[in-house]
Amino acid sequence: MTNRRTFFKTAGASVLSAAVVSRAGAALLPEAASQSSASMQLPPHPPNGRPYNPIVTLNGWSLPWRVKNNVKEFHLVAEPVVREIAPGMKANLWGYNGQSPGPTIEAVEGDHIRIFVTNKLPEVTSVHWHGVLLPSGMDGVMGLTQPPIEVGKTFMYEFVLQRSGTFMYHPHADEMAQMAMGMMGLFIVHPKDARRYRVDRDFGFILNAYDIEPGSATPRINTMLDFNLWTWNSRAFPGIDPLVARTGERVRIRVGNLTMTNHPIHMHGPHFEVTGTDGGWVPKSARWPEVTADIAVGQMRAIEFDAAAGDWAIHCHKSHHTMNAMGHAVPAMIGVDQRSLAQKIAKLVPDYMVMGERGMHDMATMEMPLPDNTLPMMTGTGPFGALGMGGMFSVVKVRDDIARGDYRDPGHYQHPDGTLASEYTGEPGTPARAPSSDVDPTTLQVRKPTGHSGH
Ligand SMILES: [Cu+2]
């Protein structure tokens, strides 16, 4: 046998032939953990190696590893999976270890890691470690830095993590098809000193998009722009986990974009700063306050803020991206009186409903018959009724009494007295005023609090 160590150093990623795998048996390959559920699995604190504060993957989980001779060994299995996009709809995707996206890989700056990748897809693949500094031969570009991972074969990638940060993994083989099918995952490298860049809660998700015809379950992979399901970690609202925190906690959200278009991610409530990209951490002196971070294709952004109590929407600001399937092919009907037409059609199609005559809000509340395995275009309900949202939308839920490590949905926010918008019922000429002070536009001085009037 040739000197394997030298071989890996010079050739980069290398195939372990089936013969090698079977001779060495299970002892050679780490167990490939698999996950069948789309609900958030809280990562355990690291059982060995350097300590770190684990990330919480929305509707996801982190990949276990084993340590062998001081090397952390992971095992990814590229394979067809069934992913629940939201309650009521499942999609036939490709992913890793049972889910799309694949499990989050978490390791620590300075770790020597080895990642085995077994290909159970019907075609060749490779894995690129997006943003990770590594030898060129470990970069995962099929044809350029490695031969394809043939069906049924296992490849081995091995490198030392040189910098902490927010990264991803995805195929660099038949990318258009494989990413359109959901092959991707987060790759988080924690700082060697766990006190550096420390936050109280650290969330992560990847922006992805699918074109799945209503009534079907498999994405059309040749679509370039006209996707009809805009998702975070292959989930659409109201199937996306809320981001739960306690008042005053420092919260980080890491977002990567593997769709074909940019997504301006907008958060209501507390202002945030971009503190990291897939190129590393942003120095404090280079940060500025924001409420929207535009995340371009192939980019990652880590944002941080101090949590303030409330239910704060967080969503893509492209309004079509907070809609599910059927949002795009519907003609604009505002102002069109469809009554006589509707009567005629109803004789032919008993379930026919008029759409969009007074705007589209009606569609969020009506129960229109849908094909099987199809999400309503706009959905989700809050304490005040229909939200009229789908797709790339969730809620940052901040409460005063959330325990450390508790990520369960705390329900709807209870607004303190006098802080809730409501129908105006006061006497004409005595409008309600905000109780807080504000700036007098003529003097630019802060006004004294005026207290309540009206009511
Ligand atoms: Cu968007």
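The values are calculated or read from the model by the stated rules, or taken from the named source; none is laboratory data. Quick caveat, the model's predicted, so the values are computed rather than measured. Here the Cβ is made from the backbone with ideal geometry for all residues, glycine too, and neighbour counts use every protein chain on show.
Worth pointing out:
- Only one of the numbered conditions (1) modelled with pLDDT under 95; (2) away from the ligand (no atom under 16 Å from the Cβ) is not met by His172, and that is (1).
- Against the test of being aromatic (Phe, Trp, Tyr) and either within 16 Å of the ligand (Cβ to nearest atom) or out of contact with any Gly (no Cβ under 6 Å at 6 or more places or on another chain) (or both), the options Trp288, Trp312 yield a single qualifying residue, Trp288.
- Region 378-404, subset at pLDDT 90 or above and part of a loop (DSSP other than H, G, I, E, B), residue nearest to the ligand (Cβ to nearest atom): Met392
- Summed over region 92-116, residues that are farther than 14 Å from Met183 by Cβ, touching a residue at least 60 places away in the same chain (Cβ under 8 Å) and not hydrophobic (A, V, I, L, M, F, W, C) total 5.
- Out of Gly182, Gly248, one residue alone is outside any strand (DSSP E or B), more than 16 Å from the ligand (Cβ to nearest atom), surrounded by 24 or more Cβ atoms within 10 Å (Cβ to Cβ) and at pLDDT 95 or above. It is Gly182.
- Selection within region 65-90 - assigned to a loop (DSSP other than H, G, I, E, B) and surrounded by 17 or more Cβ atoms within 10 Å (Cβ to Cβ): Trp65
- Failed condition for Ala194, given (1) small (Gly, Ala, Ser); (2) at pLDDT 95 or above; (3) farther than 22 Å from Asn233 by Cβ: (2)
- Condition check for His128: under 30 Å from Thr322 (Cα atoms) and free of Cβ contacts under 8 Å to residues at least 60 places away in the same chain: yes
- Residues located in region 233-247, provided they are more than 14 Å from Met179 (Cα to Cα) and within 20 Å of the chain's Cα centre (by Cα): Arg235, Ala236, Phe237, Pro238, Gly239, Ile240, Asp241, Pro242, Leu243, Val244, Ala245
- The single residue among Gly269, Gly276, Gly256, Gly239 that is crowded, with 17+ Cβ neighbours inside 10 Å, more than 16 Å from the ligand (Cβ to nearest atom), touching a residue at least 24 places away in the same chain (Cβ under 8 Å) and not in a loop (DSSP other than H, G, I, E, B) turns out to be Gly276.
- Of the candidates Thr223, Thr231, the single residue that is in contact (Cβ under 8 Å) with a residue 40 or more places away in the chain, part of a strand (DSSP E or B) and within 16 Å of the ligand (Cβ to nearest atom) is Thr231.
- Yes/no for Gly204 being buried (at least 24 other Cβ atoms within 10 Å of the Cβ), within 16 Å of the ligand (Cβ to nearest atom), among the small types (Gly, Ala, Ser) and outside any loop (DSSP other than H, G, I, E, B): no
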